[in-house]
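Beneath this line is the structure, given in structure tokens, with notes to follow.
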Amino acid sequence: MISTNIILIGFMGSGKSTLARALARELNTYFIDTDNLIENFENKSINKIFESEGEQSFREKERYCFNWIKHNVKSTVISVGGGFPIFIPEIKEAGIVIYLKVPFEEILKRMDENEIKKRPLFKDIQKAKELYEKRDKIYTKLADFIIENKNLSKSIEEVKEILNASK
Ligand code: S3P
């Protein structure tokens, strides 16, 4: 078990959910993903929420989700949507924030058509690249730690080292 929440932030497609799931298993605790929480609560895909209610409404749902996490979730690995820490910089109040940094070109290589389709803000690649440049700076400023998410087992080891060092 861990004594605090670990929150993984980073751009779309940087592998937050995959790492969060594997890390939780390794640390013998649970994992939650804010996009999944919102989709389950609304019973709608992220795409549908963007289409029918707009981005602003999605951001409000993320804020609601943050308040719930802050007051109810402990000792959990949490992956959040790419925009979550941009719109909710107080995210740090809910745990240790780790930025999974992956170069944009690498993200593009990893994302297949299906992964792109699920993400309303990734449909225009040029715009996504511009968003990446802007957000990378914000993630860097916000994060307690930054890891370059290249390889799953290496990233797990790095997070474990961070946890040991901050004990
Ligand atoms: C978004 C990222 C997505 C999802 C939504 C908006 C963003 O999550 O929350 O499509 O603003 O970067 P992932 O980072 O898991 O793709």
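Residues that are of a type in the set (Asp, Glu) and in contact with a helix residue (DSSP H, G or I) (Cβ under 9 Å, 6 or more places away or on another chain) within region 131-167 comprise 133, 136, 144, 148, listed in sequence order. Between 133, 93, 161, the distinction of being in contact with a Lys or Arg (Cβ under 7 Å, 6 or more places away or on another chain), part of a helix (DSSP H, G or I) and surrounded by fewer than 15 Cβ atoms within 10 Å (Cβ to Cβ) belongs to 93 only.
Taking residues in region 115-138 that are within 13 Å of the ligand (Cβ to nearest atom), and partners anywhere that are among the polar types (S, T, N, Q), the pairs with Cβ atoms closer than 6 Å and at least 6 places apart or on different chains are 120/47.
Conditions tested, residue by residue: (1) over 17 Å from the mean Cα position of the chain (by Cα); (2) more than 16 Å from residue 12 (Cα to Cα); (3) not acidic (Asp, Glu).
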residue: 71; (1), (2), (3): yes, yes, yes
residue: 87; (1), (2), (3): no, no, yes
residue: 103; (1), (2), (3): no, no, yes
residue: 107; (1), (2), (3): no, no, yes
residue: 130; (1), (2), (3): yes, no, no
residue: 159; (1), (2), (3): no, yes, yes
residue: 167; (1), (2), (3): yes, yes, yes
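Using the structure shown, decide if residue 165 is aliphatic (A, V, I, L, M), free of Cβ contacts under 8 Å to residues at least 12 places away in the same chain and more than 10 Å from the ligand (Cβ to nearest atom). When the stated conditions are applied, residue 165 passes them.
Condition first: aromatic (Phe, Trp, Tyr) and either touching a helix residue (DSSP H, G or I) at 6+ places or on another chain (Cβ under 7 Å) or loosely packed, with under 13 Cβ neighbours inside 10 Å (or both). Can you find one or more residues in region 68-83 that meet it? For region 68-83, residues aromatic (Phe, Trp, Tyr) and either touching a helix residue (DSSP H, G or I) at 6+ places or on another chain (Cβ under 7 Å) or loosely packed, with under 13 Cβ neighbours inside 10 Å (or both): absent. Annotation: residue 69 fulfils all but one of (1) among the β-branched types (Val, Ile, Thr); (2) closer than 21 Å to residue 130 by Cβ; (3) more than 12 Å from the ligand (Cβ to nearest atom); the unmet one is (2).
Readers should treat all values here as calculations from the given coordinates under stated rules, not as data from a laboratory. For clarity, every value in this text was computed on a predicted model and none was experimentally measured. Note that each Cβ is placed from the backbone with ideal geometry, even for glycine, and that neighbours are counted across all protein chains shown.
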